[in-house]
Every structure is written in structure tokens, then in C-alpha cells.
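**Q** The structure under discussion is supplied below as C-alpha cells; questions concerning it will follow.
The values are calculated or read from the model by the stated rules, or taken from the named source; none is laboratory data. Small disclaimer: the values here were computed from a predicted structure and weren't measured. Neighbour counts run over all protein chains shown; Cβ positions are idealised from the backbone, glycine included.
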Amino acid sequence: MKTWLRDLPKVELHLHIEGSLEPELMFSLAARNGVSLPYATVDEVREAYDFSDLQSFLDLYYQGMRVLCTEQDFYDLAMAYLEQAHAEGVVHVELSFDPQAHLNRGVELAVPFEGLNRARRQAEREWGMTSALIMSFLRDRDAAEAMAVLEKAAPYYETIDAVGLDSAEVGNPPTKFSAVFERAKALGIPRVAHAGEEGPAAYIREALDELDVCRIDHGVACLQDAALVERLRQMQMPLTVCPLSNVRLKVVAEMTDHPLPQMLEQGLKVTLNSDDPAYFGGGVLENYLACAQAFAWDRETFKQLAGNAIDVAFMPDARRAALL
Ligand code: HPA
Ligand code: ZN
């Protein structure tokens with residue numbers, strides 16, 4: 001099964017590229033940029049990755065990304081991940097990034113855009129691997145800041161496939177960003193949002209009603225609300241589920257408790273993704289393998305999950321047709 005899952009053409013829809021920063025690269029970028037880290041060794045970094053919830057992860061995630069300073073750093077970060085994903089049989093990756101987390105420490109918007117886009121072009125040239133770019137807003141900061149970033153990103157709209165919404169969910173409902181997402185819609189930019197990871201099912205409803213999103217990142221909390229499940233099923237709203245992330249952030253106690261089997265049973269449009277692979281125990285293939293072990297799914301189930309991601313990815317129809 002392992003070889004078969006590796007060879008299955010897979011698409012990754014939910015990846016925070018800053019969350020793909022492996023401790024080895026963190027150290028080498030820290031040295032290159034003269035940034036000090038509160039760890040002495042790579043092992044110490046890995047030992048620190050023992051999270052109690054989303055916030056305890058976010059604290060280390062924002063700390064780690066301080067080593068990303070130049071366009072070359074973002075290029076190296078993305079290239080390392082895309083190469084690893086390619087080796088795992090991933091044929092298309094949708095990278096999210098958090099511009100505010102860089103702007104707020106003096107790293108201009110052009111830096112992540114130029115570095116990430118250069119890596120994306122190279123991956124396509126070298127391996128025929130396609131990608132999309134999702135510019136995410138930090139929901140625990142104010143909406144005016146997100147709006148300013150959206151306007152500032154005008155020179156890069158051509159390279160943005162969607163805007164997203166991430167960071168600390170509880171207490172930061174989707175409605176806080178209604179005006180920002182309305183502006184993105186007016187600009188013709190598709191919208192996605194994290195909802196129902198730690199937050200309630202009501203946030204998933206809000207993301208649909210107020211932000212007019214075309215997919216929900218995570219969405220596992222939908223099972224608290226039967227009418228919402230029915231709505232998501234009827235719409236075939238894509239849900240980018242990240243099982244290893246949910247275990248590591250204690251959204252579920254262990255893999256065998258994960259609601260993925262119920263979600264599939266209910267006819268939901270589920271996909272499997274890695275979220276922050278350097279922090280949560282691996283990339284897309286590891287997430288597929290963890291599901292194979294926990295749920296003993298057959299090949300048809302995995303083909304369906306991989307096919308769901310191809311169906312809803314931001315990619316030209318000709319590329320989609322070639323993959324299906
Ligand atoms: N949830 C919310 N925000 C995030 C995450 C996550 O898992 N990873 C990076 N930003
Ligand atoms: Zn996420």
C-alpha cells in the first residue's frame with residue numbers, strides 16, 4: 001500500500017509554506033541572516049514541538065519564521081518543500097502564506113511573493129509540478145490591516161489564486177473579515193477560509209454566508225450540526241482536512257478518533273492535506289499513510305480522496321483533465 005499511495009498522483013490544497021520550515025533549514029537560515037534562535041540543536045527544536053492546542057503551535061510557528069528574511073530564503077523554503085512533495089507523488093501544490101507575519105517584522109510584501117513565485121516556476125519547469133498561491137490573512141489581527149495588505153498586493157494579483165484566513169480561530173469569527181472578503185470578491189479573487197478547526201460549526205456557516213468561500217479549510221467541526229452537514233453535502237463544498245495536524249493540535253485525541261470516516265460516509269467532499277508538515281509529522285504522503293493505518297481504507301477510497309482534490313484545485317481545466 002505504501003508504494004501504491006506514493007505513486008498515486010496527489011494534490012495538496014492546504015499547506016502553510018512557513019509551516020514547512022524544517023529545523024535544519026531554520027538553523028541554516030538563522031546563521032545566514034544572523035537571527036538568534038532559542039534552541040541549541042535541531043533535536044531541541046523537534047522536542048519543543050509538543051503542542052497542547054492551536055495557539056501553542058502558532059507561538060512556535062511565528063517564532064520559527066523570523067529566520068525568513070530575503071527573497072532567497074522564501075525560495076529555498078519553497079524549493080525544499082516542493083522537492084519533498086514531488087518525491088511523495090504530489091503533482092500540484094497550493095501554497096498559503098501569511099504576508100502580515102512578515103510585514104510586521106519589516107519584510108516587504110515583494111520578498112515572499114518574488115521568492116515563492118520563483119520556486120513555483122522552477123518546480124513546474126523541472127518536474128511539471130503545478131501550483132497555486134493563496135494569500136492568507138491573520139484573523140487574530142484587525143481587519144483594517146488585512147484590507148491594507150489586500151490593497152498593497154495589487155502588483156501581484158495576477159499570481160494570487162485565492163485569499164485565505166488563518167491563525168487563532170476562536171474569538172475571531174469570519175464576520176470580522178466580511179469587508180475584506182467582499183473587496184477580494186469585487187477584485188475577482190476566489191476566497192477560502194479556515195473554519196471549524198478549533199472553532200464551532202457556526203464559523204463554517206459564517207464563512208459560507210458572509211465570506212462566500214469556495215472551500216473550507218479543516219471544517220471538521222461541521223459534524224456538530226446535522227443541517228450544516230447536509231448543506232455542505234448538497235453543495236459538495238470542498239473541505240481540506242489535515243488529519244495529522246488535528247492529532248498534533250489535539251483537535252482529536254488520536255488518529256483512530258478522527259471523524260474522517262464519518263465525513264466520507266456523509267458524502268462530504270473531503271480532501272487530505274498536511275497543513276504544517278515540518279511541525280505535524282510529515283507531508284501529504286504521511287497523512288495518506290496515517291489514514292491507511294487508522295482506517296484500513298481500500299484503494300478506491302484513496303482514489304476518491306485524491307480525485308476530490310483534483311476536482312476542486314485552482315488549476316487550468318486542461319491540467320485538471322490530464323490528471324483525472
Ligand atoms: N490553523 C490556523 N492557522 C494556521 C495553521 C493552522 O493549522 N497553520 C498555520 N496557520
Ligand atoms: Zn491550516
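**Q** Test residue 171 against the stated conditions and say whether it is within 16 Å of ligand 2 (Cβ to nearest atom), out of contact with any Leu (no Cβ under 9 Å at 6 or more places or on another chain) and not in a helix (DSSP H, G or I).
**A** Criteria not met by residue 171.
**Q** Take the conditions among the hydrophobic types (A, V, I, L, M, F, W, C), within 25 Å of residue 180 (Cα to Cα) and crowded, with 22+ Cβ neighbours inside 10 Å and apply them to residue 113. Does it pass?
**A** Here the answer is no, as residue 113 does not meet what is asked.
**Q** Further, regarding this structure: If we scan segment 31-45, do we find a residue that is out of contact with any His (no Cβ under 6 Å at 6 or more places or on another chain), touching a residue at least 40 places away in the same chain (Cβ under 8 Å) and under 21 Å from residue 281 (Cβ atoms)?
**A** No, segment 31-45 contains no residue that is out of contact with any His (no Cβ under 6 Å at 6 or more places or on another chain), touching a residue at least 40 places away in the same chain (Cβ under 8 Å) and under 21 Å from residue 281 (Cβ atoms).
**Q** OK, next. List the residue pairs whose Cβ atoms are under 6 Å apart, where the first residue sits in segment 215-241 and is in contact (Cβ under 8 Å) with a residue 40 or more places away in the chain, the second is outside any helix (DSSP H, G or I) and more than 16 Å from ligand 2 (Cβ to nearest atom), and the two are 6 or more positions apart or on different chains.
**A** Partner pairs satisfying both residue conditions: 220/259; 223/259; 238/269.
**Q** Collect the residues in segment 60-112 that are closer than 18 Å to residue 159 by Cα, charged (D, E, K, R) and either touching a residue at least 12 places away in the same chain (Cβ under 8 Å) or in contact with a strand residue (DSSP E or B) (Cβ under 6 Å, 6 or more places away or on another chain) (or both), keeping them in residue-number order.
**A** Answer for segment 60-112, where residues must be closer than 18 Å to residue 159 by Cα, charged (D, E, K, R) and either touching a residue at least 12 places away in the same chain (Cβ under 8 Å) or in contact with a strand residue (DSSP E or B) (Cβ under 6 Å, 6 or more places away or on another chain) (or both): 71, 94, 98.
Residue-wise test of (1) crowded, with 16+ Cβ neighbours inside 10 Å; (2) in contact (Cβ under 8 Å) with a residue 12 or more places away in the chain.
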{"residue": "276", "(1), (2)": "yes, yes"}
{"residue": "280", "(1), (2)": "yes, yes"}
{"residue": "292", "(1), (2)": "yes, yes"}
{"residue": "296", "(1), (2)": "no, no"}
{"residue": "299", "(1), (2)": "no, yes"}
{"residue": "305", "(1), (2)": "yes, yes"}
{"residue": "309", "(1), (2)": "yes, yes"}
{"residue": "316", "(1), (2)": "no, no"}
{"residue": "322", "(1), (2)": "no, no"}
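**Q** Look through 35, 11 and report the one residue that is at pLDDT 95 or above and in a strand (DSSP E or B).
**A** Checking each option against the conditions leaves just 11.
The rows are residues; the columns are (1) over 26 Å from residue 129 (Cβ atoms); (2) within 21 Å of the chain's Cα centre (by Cα); (3) away from ligand 1 (no atom under 16 Å from the Cβ); (4) surrounded by fewer than 18 Cβ atoms within 10 Å (Cβ to Cβ).
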| residue | (1), (2), (3), (4) |
| --- | --- |
| 1 | no, no, yes, yes |
| 13 | no, yes, no, no |
| 39 | yes, no, yes, no |
| 46 | yes, yes, yes, yes |
| 64 | no, yes, no, no |
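**Q** Shifting gears a bit: In segment 185-241, which residues are β-branched (Val, Ile, Thr), farther than 19 Å from residue 308 by Cα and within 16 Å of ligand 2 (Cβ to nearest atom)?
**A** The answer is 204, and nothing else.
**Q** Got at least one residue in segment 251-266 being buried (at least 21 other Cβ atoms within 10 Å of the Cβ), touching an Asp or Glu at 6+ places or on another chain (Cβ under 8 Å) and closer than 21 Å to residue 169 by Cβ?
**A** Yes: segment 251-266 contains one or more residues that are buried (at least 21 other Cβ atoms within 10 Å of the Cβ), touching an Asp or Glu at 6+ places or on another chain (Cβ under 8 Å) and closer than 21 Å to residue 169 by Cβ.
**Q** Scan segment 192-219 residue by residue and report those that are under 19 Å from residue 143 (Cα atoms), within 16 Å of ligand 1 (Cβ to nearest atom) and not in a helix (DSSP H, G or I).
**A** 192, 193, 194, 195, 199, 213
**Q** Given the criterion closer than 30 Å to residue 322 by Cα, surrounded by 15 or more Cβ atoms within 10 Å (Cβ to Cβ) and among the small types (Gly, Ala, Ser), identify the matching residue among 101, 162, 153.
**A** That would be 162, the only listed residue that is closer than 30 Å to residue 322 by Cα, surrounded by 15 or more Cβ atoms within 10 Å (Cβ to Cβ) and among the small types (Gly, Ala, Ser).
**Q** Also: Go through segment 192-237 and give me each residue that's within 24 Å of residue 293 (Cα to Cα) and touching a Ser or Thr at 6+ places or on another chain (Cβ under 6 Å).
**A** Within segment 192-237, 217 is the sole residue that qualifies.
**Q** Does at least one position in segment 173-180 carry a residue that is within 16 Å of ligand 1 (Cβ to nearest atom), surrounded by 21 or more Cβ atoms within 10 Å (Cβ to Cβ) and not small (Gly, Ala, Ser)?
**A** Within segment 173-180, one or more residues are within 16 Å of ligand 1 (Cβ to nearest atom), surrounded by 21 or more Cβ atoms within 10 Å (Cβ to Cβ) and not small (Gly, Ala, Ser).
**Q** Then there's this: Contact list please: Cβ distance under 7 Å, first residue in segment 113-141 and under 19 Å from residue 318 (Cα atoms), second residue surrounded by fewer than 22 Cβ atoms within 10 Å (Cβ to Cβ) and of a type in the set (Lys, Arg), pairs at least six apart or on different chains.
**A** That search, which allows pairs on different chains as well, returns 130/319.
**Q** If I ask for residues that are among the polar types (S, T, N, Q) and either in contact with a Leu (Cβ under 9 Å, 6 or more places away or on another chain) or closer than 15 Å to residue 278 by Cβ (or both), which ones from segment 1-33 would you list?
**A** Passing the criteria: 20, 28, 33.
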